[in-house]
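Comments concern the structure below.
No value in this document is a laboratory result; all are computed from the given coordinates. Model, not experiment: these values are computed from the prediction. Neighbour counts run over all protein chains shown; Cβ positions are idealised from the backbone, glycine included.
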Amino acid sequence: MAVEVGSSAPQTGAHAVIKDATDPARRPDVLFRKRRDEGHQVSPWWLIGAFVAVSAGVIALLSFVPGGA
């Protein structure tokens, strides 16, 4: 596959997706992106809760490892 010098076509598929995107928040190559109102911020309690939940899950899974204290 030869690439022409100076051609207007993008060389990768990612460039085509970005070029054709009318709304960056709805790009098909971005997963789990949700459009929020201007100035909206996620509560820090969600991050704290996620940390506690993941930590509890790791501790629970490690309890199944033999030879622990």
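Other residues lying with their Cβ under 14 Å from the Cβ of residue 42 contribute a combined charge of +3, Lys and Arg counting +1, Asp and Glu -1. FRET efficiency for the residue 55 to residue 31 pair, using the beta carbon distance and R₀ = 30 Å, is estimated at 0.75. Taking packing as the residue-averaged number of other Cβ atoms within 10 angstrom, the listed peptides 40-47, 55-62 run from highest to lowest as 55-62, 40-47.
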